[in-house]
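First the structure, in the form of structure tokens, and then the observations on it.
Values quoted throughout were computed directly from the atomic coordinates according to the rules given, and no laboratory measurement underlies them. Computed from a prediction, not measured in an experiment: that's the story for all the values here. As a convention, Cβ positions derive from the backbone with ideal geometry for all residues, glycine included, and neighbour counts pool all protein chains shown.
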Ligand code: FES
């Protein structure tokens, strides 16, 4: 496990990009935590449109469905 901070970037109209050493729980409602896996990639794109076929990861479907995010409040 790295001591470097994990960074999350919310892509406008797209996924969350997570940079850093993370563990992702891909378990389901009946087995939360049962699917924890450490991700070895430096940057992971996590779906936030809900339409990806490889959730929790983004597969680019957000572009096909025209997913739009709301700009952050100022
Ligand atoms: S955010 Fe990319 S497929 Fe959902």
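Just want to confirm a number: the relative contact order over the chain, from Cα pairs under 8 angstrom separated by 6+ residues, in percent. Relative contact order here is 27 percent.
The fewest-to-most ranking of 69, 61 by surrounding Cβ atoms within 10 Å reads 69, 61. The value obtained for the range 7-65, namely the Cα convex hull volume divided by the number of residues, is 81 Å³ per residue.
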